[in-house]
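Undergrad: Dumping the structure here so I can ask a few things about it.
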Amino acid sequence: MDLGQLAVKKAMKLGADEAEVYILRKKITDVMFASEIESFKTVDSRGLGIRVAKGKQIGLHATSILTETEVGRAVEKAVKIAEVTPEDPNWNSLNDKFGKTSVKGNYDDSLKNLDYDKIIDKVIGGINRATENGRKVKVTRGALTINDSEVSVTNNYYDTQTYYGSYITTYMMTKAVEGGESTGAESLQVRYWKDLNYDKIADYAAEQALMYVKAKPIDSVKLPVIMRNKFSAFLFGFMLGSNINSENIQKGRSTFAAKLNTQIADERITVIDDGTMPNGVRTRAFDSEGHPTQKTTILEKGVLKNFIYDSYRAKKENVKSSGNARRNFNTLPVPSTNNFIFKPGTTSLEDMIKDTKKGLFIERTIGEWLSRPSSGEMNATVTHGYLIENGELSKAVKNVIIAGNFFEIIKDKIDTIGSDLSNNGHMYSPAIKISEMTIAGK
Amino acid sequence: MSNFKETLNQLEPEKIIDKALKLGASYADVRYQHFSNEEIRVENKSLEEYKSLDFGGLGIRVVVNGAVGFASTSDFSKDSVNNSINAALKLAKSFESEKGNFAETKTIKFDEKVSIKTDPISVSPKEKVELLMETNKAAWISDQIKNVITIMGSSVDNRFFISSQGTQTLVQVPTIGLIQIAVAVENGKMDTTYHGHGACSGYEFTKKYDWNDFSVDLSELALRSVKASSPPPGTYPVVVDPRLVGILVHEAFGHAAEADLVFTGTSTLKDRLGEELANEQVSIIDEGTSKGGYYIPVDDEGTPKGKTVIMDKGVLKAYIHDRNSANVLAVSPTGNSRAQDFENQPLVRMTNTYIDNGDYKFDELLEGIKEGVYIKNKGSGGGQVEVGMGTFTFNGGESFMIRNGELAEPVRGVIISGAILDTLKTVDAVGNDLKISTSYFGGCGKGGQAAKVGFGGPHIRVQEMTVGGR
């Protein structure tokens, strides 16, 4: 009997009616660097969360110590919590559909044989690359993190299910050493060590710092805006992802419930949530409750088609889970997007810029996550933008605030959808041109 | 989880240090941590979540030839601990570096905790759920209130540190906090407001507030806010309230004073020591133990954290340091080496950072402003800074236009943005109502690590701030 099954058995013995155990074992290898390697670490991270139901009373306890004694204590604690909490009238049952979807490209076997030296060589290669070709920049901060994870889910209805996943993330930040306070940055998230291309990252981060040494705010104005793919991936993924999340819909934090099967967006927009996409950074055989993952159409030619669910929220509405439960070992599962993909169009970024008489190209912002999905209010402070004049990038722009309403934008203000699909974490999008946004500047 | 000191004794941290030294380390330290917490969330008058956590483990840091290697585990078996020691050494030997050259510090023995009257975890779950239910129920003062979330969190953080240089510290810090989020809707417009209180305290903290009033007050703010409109975008003189000043000085200035960011060239404060960067009314302090703040008597390298004057009367006086950065500048470490937890290495971090008191009364700050904005934190929050460029952006909460030296109509959705050094220069008046706070909720993020901090300040006036609306 494995640890998960032991814990479930103990919970049932202590009087729980249902029990579920989630175990995460993760090996993290992490290098932090600036113009040289600063630190190097390895973490053997582990955690177990046990959720129990006694009738409709729910409790959760978690621990990072995976000995039988400690897990036994954790189970006792979870049951004790469940015994004293008020009933959840909406509770139906734990996930009662376990299973695995066949998925590809989510685990890199080669990590097992990856020496520390090879990791260091790769990072140093990236640092050196940034300053090649006489570029007047300095690498100011960066990190490479390799996660090698094993996730197991067990509940009282099913035996333990396990999947493995690798996830490699890196970022590099640079600064121009003369001409002005200007920075550059680039990041990448991949599944495979071989896909980690430091030359590309270093080139982008270094060139960006050089491009913006003369950046200045512009006057307050309304302009068309082109968002770089990684920026639109985050912003559109965040704004749309929140609104199609069943948790937000059921709680009145999204107004989308009444809009199902209606045209809420431009008919050129199609968005899918796909837990099965080959090499996708959130591809997995089953979700955090053991439910198989799937591909769910969210927007089809601008028509709102589906929402995302875990089993609790699905049962509340008497529909099926979409395999979107996500949790850490110490939290309850909540619905969360898997690979969230805004389908690309056919226009290259180059042509989008060429076709713009006057506008703002936005590469990077801060504070974009302070936008409010429920009301659609979208804001960001542009740190790296370029004024477009007569089809060409003309002046570097920084320190202006952009604002617009997401619902209006996807319906009436989409000018062009680019072809250059890229990902920002698990959110995928091409560059997008919006016909008008408000810009607060000087 | 088992008793902290019992587990610690079984781990025999001195032997871990000895072993690391025998295997070739010139320095080694061990951190053992046990963090436990509990979070209860009530939404729309029903209990949504009741969860708790025991998070414990150890981190081993070694220096070989000036390079730092680090490994951590929460598996305390002999094999696993040995694997971690070996891994830390192997990592340190795999690259060249001088980050492991540390400034001298005094060897200290330190064992202290924040005393509390009532451990929140020992209070009956029923009592805690009832408090949250009552607070949540009080918020429903109008049909226009559509969603109310109330969350209470509490934790106890035990941190043990021992180094091969003989320093040994043990610190126990409790935190608690209660926050509420209220959503109001009117004519299809929706506004979300947020507020909360917190402290390094036990459950007795909850008796200090009238949570009914707190709840009603936040809902009233949500109702006012949803009716208000945004200020026209542009540049204004603004008056900023203590909480937002605290966040601003932490994010927009404090990070730039972190010595590691100065050395890498990230910070706009590089090579600026001794320069006058702000009006002489502005002094900025980082202090380990200050009233209302988080309790950090000693950092995660065993260095006592006293009071660091970063800016004195407008002049940049010091950076904040860990032992390595202090060594580079040949100064004393300031006790600012802090790790999120045992799985992370310490970084240069702030503790309680604030603008010190000035002379102005609130009304005097408004004087002379023809058209401006009074920006409060209450009702909102959140912000971000690009340290390399010195650009910051923050969400304001409840805000008011200032017209002819007086507060006028409320405005909503205020977003401020600016460049740190430019903005500091236009701070022309500092109030005398310093307030510092901390909470279970929130904190500071750097290099992927979160840390508990305190922030604050008095009201200040800034002559030029970019203001955008939603």
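FYI, it's all coordinate maths here, none of it is from the lab. It should be emphasised that the depicted structure is a prediction, and the values quoted were computed from it without experimental measurement. Here the Cβ positions follow ideal geometry from the backbone for every residue, glycine too, while neighbour counts run over all protein chains shown.
Undergrad: Using helices alone, what [θ] at 222 nm do you get for the protein assembly as shown, with -39,500 (n - 2.57) per DSSP H run of 4 or more residues, divided over all residues and rounded to the nearest 500?
TA: Values: 19 runs with 192 residues, N = 912.
Here the helix-only value at 222 nm equals -6000 deg cm²/dmol.
Undergrad: Give the Kirkwood hydrodynamic radius (Å, one decimal) of the range B:167-272, defined as one over the mean of 1/r across all pairs of different Cα atoms.
TA: Details: mean 1/r = 0.0551 Å⁻¹.
After inverting the pairwise mean of 1/r, the radius is 18.1 Å.
Undergrad: How many partner chain Cβ atoms sit within 10 Å of a residue's Cβ in peptide A:59-69, on average, as a whole number?
TA: Per residue, the average neighbour count from other chains is 6.
Undergrad: Rank-order B:110-123, A:46-59, B:42-55 by packing density, defined as the average count of other C-beta atoms within 10 Å over each peptide's residues, highest first.
TA: Numbers: B:110-123: 14.4, A:46-59: 23.1, B:42-55: 20.1.
Answer by packing, highest mean first, reads A:46-59, B:42-55, B:110-123.
Undergrad: A further question follows. Which of the trypsin sites (Lys or Arg not before Pro) found in the range A:308-408 are loop residues per DSSP with 12 or fewer other Cβ atoms within 10 Å of their Cβ? All intermediate terms of the calculation are to be shown ahead of the outcome.
TA: On the way: sites: A:313, A:315, A:316, A:320, A:326, A:327, A:354, A:357, A:358, A:364, A:395, A:398; in loops: A:320, A:327, A:357, A:398.
Those that pass, being in a loop and sparsely packed, are A:357.
Undergrad: Rounded if a/c is under 1.5, else prolate if a/b is larger than b/c, else oblate: which is the range B:21-126, with a ≥ b ≥ c the root eigenvalues of its Cα gyration tensor?
TA: Numbers: a/c = 2.92, a/b = 2.15, b/c = 1.36.
Taking the square roots of the gyration eigenvalues as a ≥ b ≥ c, the range B:21-126 is prolate.
Undergrad: Follow-up question, since we're still on this one. Quick one: Cα centre-to-centre distance for the range A:194-257 and the range A:148-171, in angstrom?
TA: The range A:194-257 and the range A:148-171 have Cα centres spaced 29 Å from each other.
Undergrad: A further question follows. Going by a ≥ b ≥ c, the root eigenvalues of the Cα gyration tensor, does chain B fall in the rounded group (a/c under 1.5), the prolate group (a/b larger than b/c) or the oblate group? Please report the intermediate quantities before stating the final value.
TA: On the way: a/c = 2.38, a/b = 1.37, b/c = 1.74.
Judged from the Cα gyration tensor, chain B comes out oblate (a/c at least 1.5, b/c at or above a/b).
Undergrad: Past 32 Å, Cα to Cα: identify those pairs from A:216/A:295; B:313/B:378; A:26/A:97; B:128/B:376; B:305/B:425, in the order given. Each step should come with its number before you reach the end.
TA: Values: A:216/A:295 44 Å; B:313/B:378 28 Å; A:26/A:97 26 Å; B:128/B:376 30 Å; B:305/B:425 29 Å.
From the list (A:216/A:295; B:313/B:378; A:26/A:97; B:128/B:376; B:305/B:425), the Cα-Cα distance tops 32 Å for A:216/A:295.
Undergrad: Report, in degrees rounded to the nearest 10, the 0 to 90 angle that the Cα long axis of helix B:211-227 makes with the longest principal axis of chain B.
TA: 60 degrees
Undergrad: Further, regarding this structure: Choose one answer from A:35, A:246, A:288: the residue with the largest mean-square fluctuation in a GNM of chain A with alpha-carbon springs under 10 Å.
TA: Highest fluctuation among the options: A:35.
Undergrad: Also: Could you state the principal axis extents of the C-alpha atoms in the range B:4-227, from the largest down, to the nearest angstrom?
TA: 70, 37, 33
Undergrad: A further question on this structure: How long are the semi-axes of the equivalent ellipsoid of the range A:3-210, defined as square roots of 5 times the Cα gyration tensor eigenvalues? Whole Å, largest first.
TA: Whole-Å semi-axes of the equivalent ellipsoid: 46, 18, 15.
Undergrad: Kirkwood Rh over alpha-carbon pairs of the range B:353-467, then Stokes-Einstein at 10 °C and 1.306 mPa s: what D in µm² s⁻¹, rounded to an integer? Write out the running numbers ahead of the final one.
TA: Values: Rh = 15.3 Å.
D = 104 µm²/s.
Undergrad: Still on this model: For helix A:116-130, report the angle its Cα long axis makes with the longest principal axis of the Cα atoms of chain A; keep it between 0 and 90° and round to the nearest 10°.
TA: For A:116-130 against chain A, the angle is about 20 degrees.
Undergrad: How much of the calculated P(r) for the range A:235-279 lies past 17 Å, in percent of all Cα pairs? List each step's numbers first, then the result.
TA: Working: 416 of 990 pairs.
Roughly 42 percent, rounded to a whole number.
Undergrad: Could you put A:383, B:268, B:466 in order, starting from the residue whose Cβ has the fewest other Cβ atoms within 10 Å? Intermediate values should be presented prior to the final figure.
TA: On the way: A:383 28, B:268 20, B:466 25.
So the ranking, lowest neighbour count to highest, is B:268, B:466, A:383.
Undergrad: Taking a cut-off of 12 Å between Cα atoms, list the aspartates and glutamates near residue B:446, but don't count ones fewer than 8 places away on the same chain.
TA: B:251, B:258, B:260, B:386
Undergrad: Rank these for me by crowding, A:273, B:210, A:415, B:241, going from fewest to most other beta carbons within 10 Å.
TA: Details: A:273 29, B:210 12, A:415 18, B:241 24.
Going from sparsest to densest Cβ surroundings: B:210, A:415, B:241, A:273.
Undergrad: Loop only by DSSP, 12 or fewer other Cβ within 10 Å of the Cβ. Give me the trypsin sites (Lys or Arg not before Pro) in the range B:230-312 that pass, ordered by residue number. Provide the component values of the computation, followed by the final result.
TA: Values: sites: B:243, B:270, B:272, B:291, B:305, B:307; in loops: B:270, B:272, B:291, B:305.
Those that pass, being in a loop and sparsely packed, are B:291.
Undergrad: Only Lys, Arg, Asp and Glu count, each charged at its Cβ (+1, +1, -1, -1), so figure out the dipole size of the range B:4-227 about its Cα centre, rounded to 20 debye. Write down the numbers at each step before the final one.
TA: Details: 27 positive and 31 negative charges, 119 e Å.
With Lys and Arg at +1 and Asp and Glu at -1, about 580 debye.
Undergrad: Going down the table (B:113/B:291; A:259/B:189; A:27/B:78; B:227/B:370), which pairs top 22 Å between alpha carbons?
TA: Values: B:113/B:291 15 Å; A:259/B:189 17 Å; A:27/B:78 18 Å; B:227/B:370 24 Å.
With Cα atoms farther than 22 Å apart: B:227/B:370.
Undergrad: Additional query: Per-residue Cβ counts within 10 Å, from other chains only, averaged over B:119-128: what number is that?
TA: Details: counts 0, 0, 0, 0, 0, 1, 7, 3, 0, 1.
Counting Cβ atoms of other protein chains within 10 Å of each residue's Cβ and averaging gives 1.
Undergrad: Turning to a different aspect of this structure: What's the whole-number percent of alpha carbon pairs in the protein assembly as shown lying beyond 37 angstrom?
TA: Values: 192800 of 415416 pairs.
More than 37 Å apart: 46 percent of the Cα pairs in the protein assembly as shown.
Undergrad: Give me Rg/Rg_expected for chain A, where Rg uses Cα atoms only and Rg_expected = 2.2 N^0.38 Å with N residues.
TA: 1.07
Undergrad: Binning at 5 Å from 0, report for the range B:234-468 what percent of all alpha-carbon pair distances ends up in each bin.
TA: Using 5 Å bins, I get a P(r) of 1, 7, 15, 20, 20, 16, 10, 6, 3, 1, 0 for the range B:234-468.
Undergrad: Between 0 and 90 degrees, rounded to the nearest ten: what's the tilt of helix A:198-211 against the longest Cα principal axis of chain A?
TA: 50 degrees
Undergrad: While we're here: At most 15 other Cβ atoms within 10 Å plus a DSSP loop assignment makes a site exposed; report the longest stretch of chain A without any exposed GluC sites (Glu not before Pro). Don't jump to the answer; show the numbers that get you there.
TA: Values: sites that count: A:36, A:87, A:132, A:178, A:267.
By the stated rule (loop sites, at most 15 other Cβ atoms within 10 Å), A:268-442.
Undergrad: Which whole-number percentage describes the relative contact order of chain A, with Cα contacts under 8 Å and a sequence gap of 6 or more? Intermediate values should be presented prior to the final figure.
TA: Working: 1177 pairs, mean separation 72.1, N = 442.
Once divided by the residue count of chain A, the mean separation gives 16 percent.
Undergrad: Now, a different point. So for the protein assembly as shown, taking the charge dipole from beta-carbon charges (+1 Lys/Arg, -1 Asp/Glu), which of B:164, B:334, A:290 sits furthest toward the positive end?
TA: A:290
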